[in-house]
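Reviewing the structure listed below.
The values are calculated or read from the model by the stated rules, or taken from the named source; none is laboratory data. Model, not experiment: these values are computed from the prediction. Note that we place each Cβ from the backbone using ideal geometry, even for glycine, and neighbour counts take in every protein chain shown. Side chains included, ligands, DNA and RNA excluded: accessible areas come from the protein's heavy atoms. Shrake-Rupley method; radii C 1.70, N 1.55, O 1.52, S 1.80 Å.
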Amino acid sequence: MTGLLESALADLLGRFHAGQPAALGQAISLVEDERPGFQDFLHEVLGGGPSAARVGFTGPPGAGKSSLLSMIAMNCRAQDEELGVVAVDPTSPYSGGALLGDRIRMSDLATDPGVFIRSMATRGSLGGLATTTKEVLDLMDAFGFDRVLVETVGVGQTELEITAATDTVIVVLVPESGDAIQAMKAGLMEIADIFVVNKADRPGADRLVKDLRQGLHLRAATALESSSAHHDFDPDQIINKSGKEANKLAWSPPVLSTVAQSGEGGEDLM
Ligand SMILES: Nc1nc2c(ncn2[C@@H]2O[C@H](COP(=O)(O)OP(=O)(O)OP(=O)(O)O)[C@@H](O)[C@H]2O)c(=O)[nH]1
Ligand SMILES: [Mg+2]
């Protein structure tokens, strides 16, 4: 590394630690573009380990991910939490305004100094998350946000990356997005910590909630059965182990319904 590069990175690091939003933006670009020194920079700032609550929103196009994210963000802001928001979008930039559904909410968020919004392109990565999304979330975490929210395109393929990058995955479905069987086939049962049936003001929402609950119940019963058939089965271990996979055997994701536009169901989700 040249001395010049080193001093530029040291300067960026200083401004990052001082909490300057511009430095966070520059750090993200550094990492996204894999510019020289980006690994050293990441290494320097990530020493503390993760501390922010990381919540991912995924689901089919137009399901209301952005609307729900805004709703949660507003609630968090009301509790004085500082937020990072990452939108992984293949088509339109987050700053377009329409993406967040409700323009009033969007402009409130976008002009709020307690919220840092960054959008990323998917770059054709298979998991539905841009390749560097995990690092971007790490940077936001290290910057000191209480919570980091990420929206990803859910186009039906299994999105394992989002489970690796976040603590909680909220899968957003709508009556129009198909039935519970489709959701199971798309692998959404495996990644969801919480299911939200949004657009509950539309016909078919109750039905979808019911079918999802039934499907999840069946799946949990089958998982427990097949592990008890295994000779190593130890129910305490399944319940106590902190690993996500182990928990998931005994944990059936709740299914909530919301109307993101009016905020209905938002309290349950919080
Ligand atoms: N009727 C109804 N419309 C909703 C609801 N939530 C969101 N919408 C509308 O649905 C449209 C899509 O909402 P978004 O929040 O942009 O959905 P999204 O999942 O982020 O969409 P993409 O990012 O494009 O995949 C917008 O026009 C919203 O106003 C709801 O609960 N009920
Ligand atoms: Mg969106």
_Ranking request for peptides 12-19, 113-120, 165-172: highest mean number of other beta-carbon atoms within 10 Å first, then the rest in descending order._
165-172, 113-120, 12-19
_Order by protection proxy (mean Cβ within 10 Å, highest first), peptides 44-55, 67-78_ = 67-78, 44-55
*Express the accessible area of segment 1-48 per residue in Å², computed with a 1.4 Å probe while the remaining protein chains stay in the model.*
57 Å²
*Projected-area mean, segment 1-80, by convex hull of Cα positions, square nanometres*: 7.1 nm²
*Under a 5 Å amide H to amide H cut-off, with H placed in plane at 1.01 Å, what residues pair with Phe116 once short-range neighbours are removed?*
Leu83, Gly84, Val85
*Within the accessible area of segment 1-48 (1.4 Å probe), percent carbon and sulfur*: 54 percent
*Kirkwood hydrodynamic radius for segment 1-48: how many Å is it when counted over pairs of different Cα atoms?*
10.7 Å
*Flagged links, alpha-carbon separation over 22 Å, of Lys185/Lys210; Lys134/Lys199; Lys134/Lys210*: Lys134/Lys199; Lys134/Lys210
